[in-house]
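**Q** Input: one structure, supplied below.
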Amino acid sequence: MASLTSYASAAAEVTHLSQQDAAEIDEQLMGALGFSVDQLMELAGLSVAAAVAEVYKLGEYTRVLIICGPGNNGGDGLVAARHLYHFGYRPSVCYPKRTPKPLYSSLVTQLESLAIPFVPVEDLPGNLSEEFNIIIDAMFGFSFHGTPRPPFDDLIHRLVSLSVIGNSAKRPAIVSVDIPSGWHVEEGNANGEGLKPDMLVSLTAPKLCARKFTGPHHFLGGRFVPPPILSKYGLNLPPYPGTSMCVRIGKAPSVDISSLRENYISPELLEKQVMPDPFDQFIRWFDEAVTAGLREPNAMALTTANKEGKPSSRMVLLKGVDKQGFVWYTNYGSQKAHDLSENPNAALLLYWNEMNRQVRVEGSVQKVPEEESEKYFHSRPRGSQLGAIASKQSTVIAGREVLQQAYKELEQKYSDGSMVPKPDYWGGYRLTPKLFEFWQGQKSRLHDRLQYSPREVDGSTVWHIERLCP
């Protein structure tokens, strides 16, 4: 392993890089490992935009000023501006010292094609707080040496002045890319004249100065470090969740739960726009959730109550819907099944957070026919079939190893590929709706709520639509 001045003081701690190690890693990425500077810049800028969007939600934070320096860090800022635009933000760019290099000129052209405004330093508003919700500091990276020159010295001073305003709600959030401007790469804000950002987005791996960062949001971006670099430098980096380009590192911020809120921005849900039949309206919304690529759009909360009226809720998966009702499958020995045997009324809730939508359904519940349960059981993956037999749902077991052993024995029993029989204690339920409610989040809590309930008209049942106050 290379001799390092980077270190990790504990096995579980994220590695922090010295200036020398960071420079060496960049050289190897753009040398033997085949990366180009524009590739790394694209990934870094996307990581910055993703971290900003993770914390500073659209609606409350929309107008973004990106201040770009002349080097690679400024290029990261230009790329971030493009991605933030496509995320729905309204970015403006201050780029005082442009470089004539083709890569940077192309990034400028890309932003100009999106009509993203470039604001000269002299045209920046006197009070940045009135014009912007977020300011991204992409002025200097880890390769910077010396004292910032005009106009960057004045820009840093203006941002430092913003960061000491007592009420943070009255000023823009400040986000620094890799190294907060005015900081030493290893020693941090040694002279006290650097920024005090609210968010730091470290790239590749955090630099030593990041140990001195005390803001509430520290993210790692740049999901591109290959195994040879991890091995050679002994890097301990956190795993990135799912498909995310950023991951929070350090201590999560303390949160005042009462202050957590979203100001939803959605199209209006009007009576004249919805389908007259709630089943058709549900299918329309469900199809839109699937098309949007939401994770498990069929996940729903099922609430049951026993004969004493004691409620309980859990998440289940919707496995069928038609004009007869909503179907899911479970163990007939579970708590939900016990509740339904005593009280066959239940409620479903499907919540699509990314679309600011939820659907409530209430009604009576019956078991589906045995042949329907049999057909669905054998459509499941073989492992899920075995799991349904191994698990006596809701019963107490001594430990996970008991479950694993039961599953292993079933694998051996049916290792010849023979059909796995559906157990008698497993099958489906169908909720027949007696009420639907479609909810669409809106600004200032003026949410849209449209309720469908059945009415008898001339001897036939029709669905009556009413608007409920949020």
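**Q** If Gly59 satisfies every condition in (1) at positive phi; (2) of a type outside the set (Val, Ile, Thr); (3) touching a Gly at 6+ places or on another chain (Cβ under 9 Å) but one, which is the exception?
**A** (3)
**Q** Does Leu162 satisfy the condition of being under 24 Å from Asp38 (Cα atoms) and more than 26 Å from the chain's Cα centre (by Cα)?
**A** Here the answer is no, as Leu162 does not meet what is asked.
**Q** For Arg149, only one of the following conditions fails: (1) over 34 Å from the mean Cα position of the chain (by Cα); (2) in contact (Cβ under 8 Å) with a residue 24 or more places away in the chain. What is its number?
**A** Going through (1) over 34 Å from the mean Cα position of the chain (by Cα); (2) in contact (Cβ under 8 Å) with a residue 24 or more places away in the chain one by one, Arg149 breaks only (2).
**Q** Could you please find all residues in the stretch 50-74 being touching a residue at least 40 places away in the same chain (Cβ under 8 Å), assigned to a helix (DSSP H, G or I) and of a type outside the set (S, T, N, Q)?
**A** Correct list: Ala50, Ala51, Val52, Glu54, Val55, Gly74.
**Q** Identify all residues within the stretch 270-301 that are in contact with a Lys or Arg (Cβ under 8 Å, 6 or more places away or on another chain), among the aliphatic types (A, V, I, L, M) and within 20 Å of Thr432 (Cα to Cα); write none if there are none.
**A** If the condition is that a residue be in contact with a Lys or Arg (Cβ under 8 Å, 6 or more places away or on another chain), among the aliphatic types (A, V, I, L, M) and within 20 Å of Thr432 (Cα to Cα), then Met275, Ala301 are the ones that fit.
**Q** Please return the ranges of strands (runs of 3 or more DSSP E) entirely within the stretch 172-258 where 1 or more residues are among the aromatic types (Phe, Trp, Tyr).
**A** Correct list: 217-221.
**Q** Going by the structure shown, is Phe224 closer than 30 Å to Glu296 by Cα, among the aromatic types (Phe, Trp, Tyr), modelled with pLDDT of 95 or more and touching a helix residue (DSSP H, G or I) at 6+ places or on another chain (Cβ under 8 Å)?
**A** Judged against the criteria, Phe224 is not a match.
**Q** Here's something else I'd like to know. Right, Glu271: outside the structural domain of Leu58 (by TED's automatic domain parsing), farther than 30 Å from Tyr56 by Cα, assigned to a loop (DSSP other than H, G, I, E, B) and touching a helix residue (DSSP H, G or I) at 6+ places or on another chain (Cβ under 9 Å) or not?
**A** It is false that Glu271 is outside the structural domain of Leu58 (by TED's automatic domain parsing), farther than 30 Å from Tyr56 by Cα, assigned to a loop (DSSP other than H, G, I, E, B) and touching a helix residue (DSSP H, G or I) at 6+ places or on another chain (Cβ under 9 Å).
**Q** Would the stretch 98-114 turn up any residue that is aliphatic (A, V, I, L, M), part of a loop (DSSP other than H, G, I, E, B), in the same structural domain as Ser231 (by TED's automatic domain parsing) and modelled with pLDDT of 95 or more?
**A** Yes.
**Q** Here's another thing I want to ask about it. Evaluate the following for Ser453: is it touching a residue at least 12 places away in the same chain (Cβ under 8 Å), exposed (fewer than 11 other Cβ atoms within 10 Å of the Cβ) and over 19 Å from Gly333 (Cβ atoms)?
**A** Spelling it out, it is not the case that Ser453 is touching a residue at least 12 places away in the same chain (Cβ under 8 Å), exposed (fewer than 11 other Cβ atoms within 10 Å of the Cβ) and over 19 Å from Gly333 (Cβ atoms).
**Q** Oh, and also: Of the conditions (1) loosely packed, with under 15 Cβ neighbours inside 10 Å; (2) in contact (Cβ under 8 Å) with a residue 40 or more places away in the chain; (3) in a loop (DSSP other than H, G, I, E, B), Glu288 clears all except one; give me its number.
**A** Result: Glu288 passes all but (3).
**Q** For the stretch 383-417, which positions are among the aliphatic types (A, V, I, L, M), touching a helix residue (DSSP H, G or I) at 6+ places or on another chain (Cβ under 7 Å) and without any contact (Cβ under 8 Å) to a residue 24 or more places away in the chain?
**A** Ala390, Ile397, Leu403, Ala406 - these are the residues of the stretch 383-417 that are among the aliphatic types (A, V, I, L, M), touching a helix residue (DSSP H, G or I) at 6+ places or on another chain (Cβ under 7 Å) and without any contact (Cβ under 8 Å) to a residue 24 or more places away in the chain.
**Q** Which of the residues belonging to the stretch 249-269 are touching a Lys or Arg at 6+ places or on another chain (Cβ under 9 Å) and of a type in the set (A, V, I, L, M)?
**A** Of everything in the stretch 249-269, those that are touching a Lys or Arg at 6+ places or on another chain (Cβ under 9 Å) and of a type in the set (A, V, I, L, M) turn out to be Ile265, Leu269.
**Q** Can you tell me which of Leu58, Leu65 is at pLDDT 95 or above and assigned by TED's automatic domain parsing to the domain that holds Cys246?
**A** Answer to the selection: Leu65.
The values are calculated or read from the model by the stated rules, or taken from the named source; none is laboratory data. Note that the structure is predicted; figures quoted are calculated from it, not measured. All Cβ positions, even for glycine, are placed from backbone atoms using ideal geometry, and neighbour counts span all protein chains on display.
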